[in-house]
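The values are calculated or read from the model by the stated rules, or taken from the named source; none is laboratory data. The structure displayed is predicted, hence computed values, not measured ones. All Cβ positions, glycine included, derive from the backbone under ideal geometry; neighbour counts span all protein chains shown. Areas reflect the complete protein model, heavy atoms only, side chains present, ligands, DNA and RNA absent. Shrake-Rupley method; radii C 1.70, N 1.55, O 1.52, S 1.80 Å.
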Protein chains: 2
Amino acid sequence: MEAKASAPGKVILFGEHAVVYGKPAIAVAVDKRAVIKISENKEDTIKVYIKNLNISATIDQLNNHIIIDNGNPGILKYVLESLKRVHDASPVTIEIDLDIPIGAGFGSSAAVTVATLAAASKYNHKNLTKKEIAQKAHEVELSVQNSASPLDTTISTFGGAVYLAANAEEIKKLELNWTYPLVIGFTPRKEDTGKLVEKVRLRKEAYPDIINPLLDAMGILTETALKFIIEKKYSYLGELMNINHGFLDCLGVNTKELSNMVYTARKTGALGAKITGAGGGGSIVALCPENNLKILSALKNIEDAIEVNISHEGLEFID
Amino acid sequence: MEAKASAPGKVILFGEHAVVYGKPAIAVAVDKRAVIKISENKEDTIKVYIKNLNISATIDQLNNHIIIDNGNPGILKYVLESLKRVHDASPVTIEIDLDIPIGAGFGSSAAVTVATLAAASKYNHKNLTKKEIAQKAHEVELSVQNSASPLDTTISTFGGAVYLAANAEEIKKLELNWTYPLVIGFTPRKEDTGKLVEKVRLRKEAYPDIINPLLDAMGILTETALKFIIEKKYSYLGELMNINHGFLDCLGVNTKELSNMVYTARKTGALGAKITGAGGGGSIVALCPENNLKILSALKNIEDAIEVNISHEGLEFID
């Protein structure tokens, strides 16, 4: 017996950091996915393998415990929390195929969580709906991280582009029929997301009269981007991405390497380019209706880069 | 008979571009100067030499005409307009010694204008006061450029640090008893100031709901810097410079090279670093209470750089 599912990673186009202060955000699912296969095994434990990350581990679901054989355990906490919600603890082998870079703002944990919940739900004949899976996936992220926006898990479940309204009061799937490739440049993450969020908070507390209007303007920028997406004026998004990058620089999460990649992408013909995710190292996203191969190669010369496209498919069950 | 005077260049610390929209600015005079010597000659014309720029020319003051023998004539327009206001058109030789980089936001034209007016006024026994010279220098800049803020000519005349209030309603000399060196990094200017000002205007017109609050926040940032200067909390200025740089990035006047220098300066130990002047190529300024030699050398490795100190001396007559 086996069950298989996959779910996509995401890229934030507008609103990172500002979202912490109740501002809206826009993100898109991308064609880099977590594929999870769950199959019965003859052992008496749950085994997990992530081949391309060289991770192998044993999960003791009943005792809420992960025994690492090899590799970094971070992502496995999401697997354990997912299993606890839909799996009967019977011995299985979980094979994870992950082509989403970890810890670079691509929502790899949300993708692994959504796909694990889906595969395990199918394996256990629970037939959860996508809505139920998205709900449980958000619970998993909350349980592992203590705090989490529902943005990543919603996008990974439903795919496409998603608008998270102010104060997270509404999550709306957007019609987005573009074919613009995105080029993602990434540097090794140097500061963790929590520390970067804290850094922004300290700057906001030190200079509220400067930073609060800036955060308000970031919210208006995301609303303006939403308007352009609804009106299908995609080419207008480039300049907004560039302005958004400047705001992130004001907040103190830019670095020399990110800035170098952002300006290289723009110089090489990107319509717009900005930090995506928390910054401080991490990733940049460039909107590339043209010149995508040239930009990809220019960014690879600096650090590392991949080309992604928007994935309209979210969670998929694989027969 | 001869007369000699010198006047300093300046660096903008806060408020460039925002000043166009009535926001305040803060700038300081630096120890890079224009030295002007006017001496009687036996020819029947006014000769001008700028040795280090390899410029030589003849000025026909009565016919309002410059005949270039060699070099770029831009700066000579300020010499002619200055002479017209204080010189009797008699044959003289004007030697200009300029250690201020031209066209890099250092106020070289204001320094040349102030020093020329002063030297020519002395030569002609007019004994203008500093206030009268500052006033005439502003008239010269207006006449050559059609528009000009009185900031550069005021700083060059009076030295030290100067605060230009909102809507240029007041120019105030600030007490500034610091000894922090500034390191200036500069790239060849690629876009002229007028085009950059126009670029910002277009962005403001396209996105008033985003850019207007940003300009307001830039004004508040300069007021906050003024408060720190008055309270002698100079070390707080670094973070404000960094935030100000982000705002200039939002406005679209940053470049890959400027950004690289700004982040290199910060990484090498600058308290703060930002674009100074119009951007689009041009210069950056780093506040360096420590590590100034290290930062100077790091920036020289990228493009070119000089160390400057605040000059408390403005216009000086030299005996």
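At a glance:
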| item | result |
| --- | --- |
| Residue satisfying condition, being at pLDDT 90 or above, aliphatic (A, V, I, L, M) and over 22 Å from B:F106 (Cβ atoms), within set B:L164, B:L142, B:L128, B:L174 | B:L128 |
| B:K172 being within 13 Å of chain A (Cβ to nearest Cβ) and open to solvent by 60 Å² or more (accessible area, probe 1.4 Å) | no |
| Test result for B:L258, under 21 Å from the mean Cα position of the chain (by Cα) and either facing chain A (nearest Cβ under 10 Å) or open to solvent by 10 Å² or more (accessible area, probe 1.4 Å) (or both) | yes |
| Conditions (1) open to solvent by less than 60 Å² (accessible area, probe 1.4 Å); (2) touching a residue at least 24 places away in the same chain (Cβ under 8 Å); (3) over 18 Å from B:D44 (Cβ atoms); number of the one not met by B:K126 | (1) |
| Among the residues listed as A:K23, A:K32, the single one being in a strand (DSSP E or B), open to solvent by 40 Å² or more (accessible area, probe 1.4 Å) and touching a Gly at 6+ places or on another chain (Cβ under 6 Å) | A:K32 |
| Failed condition for B:G185, given (1) more than 11 Å from every other protein chain (Cβ to nearest Cβ); (2) open to solvent by 10 Å² or more (accessible area, probe 1.4 Å); (3) in contact with a Ser or Thr (Cβ under 8 Å, 6 or more places away or on another chain); (4) not polar (S, T, N, Q) | (2) |
| Single residue of A:T154, A:T113 found to be within 23 Å of A:L76 (Cα to Cα) and touching a strand residue (DSSP E or B) at 6+ places or on another chain (Cβ under 6 Å) | A:T154 |
| Qualifying residue in segment B:63-72 (condition: closer than 19 Å to B:V114 by Cα and surrounded by fewer than 19 Cβ atoms within 10 Å (Cβ to Cβ)) | no |
| Criterion: aliphatic (A, V, I, L, M), within 21 Å of B:R189 (Cβ to Cβ) and either buried (at least 16 other Cβ atoms within 10 Å of the Cβ) or within 20 Å of the chain's Cα centre (by Cα) (or both) - qualifying residue of B:I94, B:I155 | B:I155 |
| Test for A:K37: is it buried (at least 24 other Cβ atoms within 10 Å of the Cβ), among the basic types (K, R) and touching a strand residue (DSSP E or B) at 6+ places or on another chain (Cβ under 7 Å) | no |
| One residue from B:G246, B:G314, B:G238 being open to solvent by less than 10 Å² (accessible area, probe 1.4 Å), without any contact (Cβ under 8 Å) to a residue 12 or more places away in the chain and either within 30 Å of B:A120 (Cα to Cα) or more than 18 Å from the chain's Cα centre (by Cα) (or both) | B:G246 |
| Selection within segment A:204-246 - at pLDDT below 95 and among the basic types (K, R) | A:K232, A:K233 |
| Selection status of B:G277, under 21 Å from B:N167 (Cα atoms) and either within 12 Å of chain A (Cβ to nearest Cβ) or at pLDDT below 95 (or both) | yes |
| Long-range neighbours under 6 Å by Cβ, at least six apart or interchain, first residue in contact (Cβ under 8 Å) with a residue 12 or more places away in the chain within segment A:152-174, second hydroxyl-bearing (S, T, Y) and in a helix (DSSP H, G or I) | A:V162/A:T154; A:I171/A:T154 |
| Residue match in segment A:230-238 (condition: part of a loop (DSSP other than H, G, I, E, B), away from chain B (no Cβ under 14 Å) and more than 30 Å from B:F228 (Cα to Cα)) | yes |
| Criterion violated by B:S143 - all others in (1) outside the structural domain of B:A111 (by TED's automatic domain parsing); (2) open to solvent by 30 Å² or more (accessible area, probe 1.4 Å) satisfied | (1) |
| Among the candidates B:I50, B:I100, B:I55, residue that is among the aliphatic types (A, V, I, L, M), open to solvent by less than 30 Å² (accessible area, probe 1.4 Å) and touching a residue at least 60 places away in the same chain (Cβ under 8 Å) | B:I100 |
| Scan of segment A:264-288 for residues that are of a type in the set (S, T, Y) and over 15 Å from A:D304 (Cα atoms), ordered by number | A:T268 |
| Among (1) under 30 Å from A:I38 (Cα atoms); (2) within 8 Å of chain B (Cβ to nearest Cβ), the one test that A:L221 misses | (1) |
| Check on A:P289, surrounded by fewer than 19 Cβ atoms within 10 Å (Cβ to Cβ) and either among the charged types (D, E, K, R) or touching a residue at least 40 places away in the same chain (Cβ under 8 Å) (or both) | yes |
| Pick from segment B:188-228, criterion farther than 26 Å from B:N146 by Cβ and within 20 Å of the chain's Cα centre (by Cα), ranking: least open to solvent (accessible area, probe 1.4 Å) | B:A225 |
| Enumeration of residues in segment B:73-91 that are of a type in the set (S, T, N, Q) and buried (at least 17 other Cβ atoms within 10 Å of the Cβ) | B:S82 |
| Conditions (1) in a loop (DSSP other than H, G, I, E, B); (2) touching a Pro at 6+ places or on another chain (Cβ under 8 Å); (3) not hydrophobic (A, V, I, L, M, F, W, C); number of the one not met by A:E16 | (2) |
| Single residue of A:K233, A:K227, A:K274, A:K256 found to be without any contact (Cβ under 8 Å) to a residue 60 or more places away in the chain, of a type outside the set (S, T, N, Q), in contact with a Ser or Thr (Cβ under 9 Å, 6 or more places away or on another chain) and not assigned by TED's automatic domain parsing to the domain that holds A:N167 | A:K256 |
| B:I210 more than 10 Å from every other protein chain (Cβ to nearest Cβ) and either β-branched (V, I, T) or under 15 Å from B:I26 (Cβ atoms) (or both) | no |
| Of the criteria (1) surrounded by fewer than 19 Cβ atoms within 10 Å (Cβ to Cβ); (2) in contact with a helix residue (DSSP H, G or I) (Cβ under 9 Å, 6 or more places away or on another chain); (3) assigned by TED's automatic domain parsing to the domain that holds B:K130, which one B:N167 fails | (2) |
